[in-house]
Structures are given as structure tokens and as C-alpha cells.
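Here the structure is laid out as C-alpha cells; the discussion comes afterwards.
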Amino acid sequence: MDDLDLTTLQRGEAPLLISIPHLGSRIPPELQPLYTDEALTVADTDWHLDRLYDFAAELGATVLGAKLSRYVIDLNRPPNDESLYPGQTTTGLCPTETFRGEPVYRPGCEPDEQRKQRRVADYWRPYHERLQAELTRLRERHAHVVLWEAHSIASVLPRLFDGKLPDLNLGTQDGRTAAPALQAAAEAAAADSPFTWIANGRFKGGYITRHFGSPQQGVHAIQLEMCQSVYMSEHAPFAYDETRAALVQPVLRRMIEGVLRALATL
């Protein structure tokens, strides 16, 4: 399986790369017999984010999206499967449970360490290499670039967090992965919206944000974890909701445009 089978890529020239590592819903046919019927619904996909961010082309953004499901391998986890949130319930590099605690694999079919590392080589590494290549390309053109990590999640998941998640959850690893002016610009746009929001709350940024975000090197990474309830149905078949999406999409655009304006002042 080559890179074209693993990712989608829309190239732009602006200092903006939008990464959507959990967009994919495919499980390779040879792996499907290992999975439970529930897992084959790939419910924990970050559904429709390519559609929600379709304004990105007008901004000149580069957009990288995954095709494979996070149930095959989670591209936003470290390759050594180290926990990003020690002491909190999370899912791993090759998840064995869904967000709701249901088994992903049929009994005895969980991948062992050797198979996990094979998936790292075959599926995880190509996404990260392509992401790095695009950041390098943009950095050759711009002194500073923004890596916007686009994510979404069900708004209520008792196994992972208490109560209902705020609508918009910004993460910069407590300010480490982006210049303060950029975070402030994203926060200002979120605050000037009808949606609830928080910065560096339950979600501070996953592996991609933490690994690639390096303001000193000109790469400013911001993760937005968004409640799916603001733009789609959170129940199968996970339909896109045009009415709700029309309310949040302009907010996303204003957040990103504000960040880009702040970037231009650095």
C-alpha cells in the first residue's frame, strides 16, 4: 500500500497546513476478519472534517488527510505507545477498545508488538513523513508556518471525560507548541462565537502537535478538538448536518484567519 492509498493531499502555498489524521474510515480487507462488528462501524472516526474545512483551499492551505481508520493505527500517538496523558484513560497506538470501552478485536486477535511495529512502518510512518515533507516545503517559502491539527469527537464519552465536552477545545501543550499571539488569536475568535470553548483543558494536543510544534523553528502547532454535535449527528450513520455546520464553519475560518494574521506579525 503506497502513500496515495494512505493519504489525501491538497497542496497550497500559504503558510498553513491542516492535518486530519483521524479522517480515515478504511480497514484493509485482510485485517477486517480480526475486528468486532462494532469496530467495523468505525464509530470513532473524525467524520466529515474534510467537508467542514472545505474553505481551506480559498486560504491557500495545504490539507493532509488519512484514509485508514484509527482502529488500524492511531497516527496521533507516539510510535512507542507512550501515554500522552499519564493517569487518564486514553486509547493507544493500536486501540483495543473503542472510546466507549467496547472491544475492537475479536478474542485472541489483538496485534502483538511485532505486528504493531509492522503497522508503524507500513501505515504510521508514511503519514508522518509526508507531513514533515509538506512542513519543510512550506518553511522554504515562509519564515513561520501554522500546523492546524483538525479533530472531532463525540461530545459525551464518560470513559474519557466527565460531563459534556466544550464545543471547541484548543490545545498547544500549555503554550509550548505555538507563539502566544497565535493562541490568543484563536481564543479570541472562539470567544466571539456562540460556542463553548477552552484552551489546554482535557485535550492539550496529541503527538503530532507536540512533536512538530516548535515555535523556535518556525512551526506553530495548534490542535482543535471539536464536539461532533456542532456539525453532525453523533449516532450512526453519522450524517453531516448542513444547518449546524453552517454555524460553526465561519467560526473555524475566523479562528484560522486570525491565527494567520498573528503569524504575519512575527
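The values are calculated or read from the model by the stated rules, or taken from the named source; none is laboratory data. Note that the structure is predicted; figures quoted are calculated from it, not measured. Backbone-built Cβ (ideal geometry, glycine too); neighbour counts: all protein chains shown.
Within segment 89-134, restricting attention to residues that are surrounded by 15 or more Cβ atoms within 10 Å (Cβ to Cβ) and β-branched (Val, Ile, Thr), which residue is nearest to PHE203 (Cα to Cα)?
This residue is THR90.
Would you be able to say whether some residue in segment 248-261 is within 24 Å of LEU138 (Cβ to Cβ), touching a Phe, Trp or Tyr at 6+ places or on another chain (Cβ under 9 Å) and among the basic types (Lys, Arg)?
yes
Restricted to segment 1-48, and to residues that are surrounded by fewer than 13 Cβ atoms within 10 Å (Cβ to Cβ) and at pLDDT 95 or above, which residue is nearest to VAL230 (Cα to Cα)?
Per the criteria, the residue is ASP37.
So, in segment 208-226, how many residues would count as being surrounded by fewer than 20 Cβ atoms within 10 Å (Cβ to Cβ) and farther than 11 Å from ALA178 by Cβ?
Total meeting the criteria: 4.
Just to be sure I understand the filter: pairs with C-beta atoms under 7 Å, separated by 6 or more residues or on different chains, first member in segment 8-27 and more than 10 Å from THR45 (Cα to Cα), second member acidic (Asp, Glu). Which pairs pass?
Final answer for the pair search is LEU17/GLU134; SER19/GLU149; ILE20/ASP46; ILE20/ASP50.
Just give me the residues in segment 184-239 being without any contact (Cβ under 8 Å) to a residue 60 or more places away in the chain and of a type in the set (Phe, Trp, Tyr), in sequence order.
Scanning segment 184-239 gives PHE195, TRP197, PHE203.
I'd like to verify a number: residues in segment 135-166 that are part of a loop (DSSP other than H, G, I, E, B) and surrounded by 22 or more Cβ atoms within 10 Å (Cβ to Cβ), how many? So that I can check it myself, show each step before the final result.
Restricting attention to segment 135-166, the residues satisfying the condition of being part of a loop (DSSP other than H, G, I, E, B) are 140-144, 154-155, 157-163, 165-166.
From the residues that got through so far, the ones that are surrounded by 22 or more Cβ atoms within 10 Å (Cβ to Cβ) too are 165.
Of the residues in that region, 1 qualify.
List, please: which pairs have Cβ atoms under 7 Å, are six or more places apart or on different chains, and start with a residue in segment 135-153 that is closer than 28 Å to GLN228 by Cα and end with one that is of a type in the set (Ser, Thr, Tyr)?
LEU147/SER19; GLU149/SER19; GLU149/THR209; ALA150/SER19; ALA150/TYR53
Any residue at all in segment 92-109 that is part of a helix (DSSP H, G or I), closer than 22 Å to ASP44 by Cα and either touching a strand residue (DSSP E or B) at 6+ places or on another chain (Cβ under 6 Å) or touching a residue at least 24 places away in the same chain (Cβ under 8 Å) (or both)? Break it down stepwise before answering.
Kept after step one, since they are part of a helix (DSSP H, G or I), are these residues of segment 92-109: none.
No, there is no match, as no residue in segment 92-109 is part of a helix (DSSP H, G or I), closer than 22 Å to ASP44 by Cα and either touching a strand residue (DSSP E or B) at 6+ places or on another chain (Cβ under 6 Å) or touching a residue at least 24 places away in the same chain (Cβ under 8 Å) (or both).
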